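Participant: Okay, handing you the structure first.
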Amino acid sequence: MTRRMTPEARRAAILDTAQAVIAEEGYRHLTLRELARRCDMSAPGLMHYFADLPSLLNALLARRDDADIAEFRAHAYESALGAIDDITAYYAARSAEARPFTVLEAEALDPGHPAHDYFAQRNDRTLEGLRPLVERDYHHADELLRVLRLVIDGLRLRVLSDPGRTDLDTDWLGVRDVLRDLFAPYARTHPPTAPPTTEAGAGAEAGAEGDAPAG
């Protein structure tokens, strides 16, 4: 008999089960019928929470990313390049856990894949999350963010072409110092005294205050 649960708890349990299926068997083995069976529900009952597989997949990916973003925002980064240091190290340390989702992202390069738009928008959000740090430390932030986007896309493509790779952080460190030298002529001599006000820059505010010169 199906356990009585609040709608929120039931929704979370469905997503937990879907994540376990992807981690164990990959996205291609995820179907609403099989997921309903594992959740001890009928398919129509499950569809009350998620109308179709794309909506379930997008909710699962958003929940997973929200947890990662909360982890990143808990830190005060001294620079955009330092933030990327920590982010690449974070995922490298979780490579086994992340691998099924890396495979999923590689499959989603196909424009017809249900998660294609999600991952495209996710990469845009990642770069925009770095904007407060880049604008704090450099002039011509738009141009420098474009360079970062090209570099990060290139690094991600290396991983997506071989999901078994676990050295994203090593690849990043190999180009970071080159970027630092490239960005140096555009550095602001004195960082702005007013901290970034966007939510994405919450972690940067503490870093800006800690780095501000006395007087």
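The values are calculated or read from the model by the stated rules, or taken from the named source; none is laboratory data. Note that this is a predicted model, so its numbers are computed, not measured. Methodologically, a virtual Cβ is constructed for each residue, glycine included, from the backbone with ideal geometry; neighbour enumeration extends over all protein chains shown. Accessible surface areas use protein heavy atoms only, side chains included; no ligands, DNA or RNA. Shrake-Rupley method; radii C 1.70, N 1.55, O 1.52, S 1.80 Å.
Participant: In segment 89-101, what count of residues is obtained for those that are closer than 13 Å to ASP65 by Cα and either touching a residue at least 40 places away in the same chain (Cβ under 8 Å) or of a type in the set (Val, Ile, Thr) (or both)?
Facilitator: Counting residues in segment 89-101 that are closer than 13 Å to ASP65 by Cα and either touching a residue at least 40 places away in the same chain (Cβ under 8 Å) or of a type in the set (Val, Ile, Thr) (or both) gives 2.
Participant: Which ones in segment 1-44 are small (Gly, Ala, Ser) and touching a residue at least 24 places away in the same chain (Cβ under 8 Å)?
Facilitator: ALA13, ALA18, ALA23, GLY26
Participant: ALA83 passes all but one of (1) surrounded by 18 or more Cβ atoms within 10 Å (Cβ to Cβ); (2) more than 30 Å from ASP181 (Cβ to Cβ); which number fails?
Facilitator: (2)
Participant: For segment 1-28, enumerate the residues that are under 23 Å from the mean Cα position of the chain (by Cα) and not hydrophobic (A, V, I, L, M, F, W, C).
Facilitator: Listed by number, the residues that qualify are ARG11, ASP16, THR17, GLN19, GLU24, GLU25, GLY26, TYR27, ARG28.
This table checks each residue for (1) at pLDDT below 95; (2) polar (S, T, N, Q).
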| residue | (1), (2) |
| --- | --- |
| ARG3 | yes, no |
| GLU8 | yes, no |
| ILE14 | no, no |
| ILE22 | yes, no |
| GLU25 | yes, no |
| SER55 | yes, yes |
| ASP65 | yes, no |
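Participant: Could I ask something else about it? Just checking, how many residues over segment 124-150 are part of a helix (DSSP H, G or I), open to solvent by less than 40 Å² (accessible area, probe 1.4 Å) and of a type outside the set (Asp, Glu)?
Facilitator: 11
Participant: Based on what the data block shows, is GLU78 open to solvent by 60 Å² or more (accessible area, probe 1.4 Å), over 21 Å from THR102 (Cα atoms) and either assigned to a helix (DSSP H, G or I) or touching a helix residue (DSSP H, G or I) at 6+ places or on another chain (Cβ under 8 Å) (or both)?
Facilitator: yes
Participant: Would you mention how many residues in segment 91-122 are small (Gly, Ala, Ser), assigned to a helix (DSSP H, G or I) and either open to solvent by less than 50 Å² (accessible area, probe 1.4 Å) or touching a helix residue (DSSP H, G or I) at 6+ places or on another chain (Cβ under 9 Å) (or both)?
Facilitator: Final tally of qualifying residues: 6.
Here's the yes/no breakdown for (1) surrounded by 12 or more Cβ atoms within 10 Å (Cβ to Cβ); (2) under 30 Å from LEU56 (Cβ atoms); (3) at pLDDT below 85:
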site: VAL175; (1), (2), (3): yes, no, no
site: THR193; (1), (2), (3): no, no, yes
site: GLU205; (1), (2), (3): yes, no, yes
site: GLY215; (1), (2), (3): no, no, yes
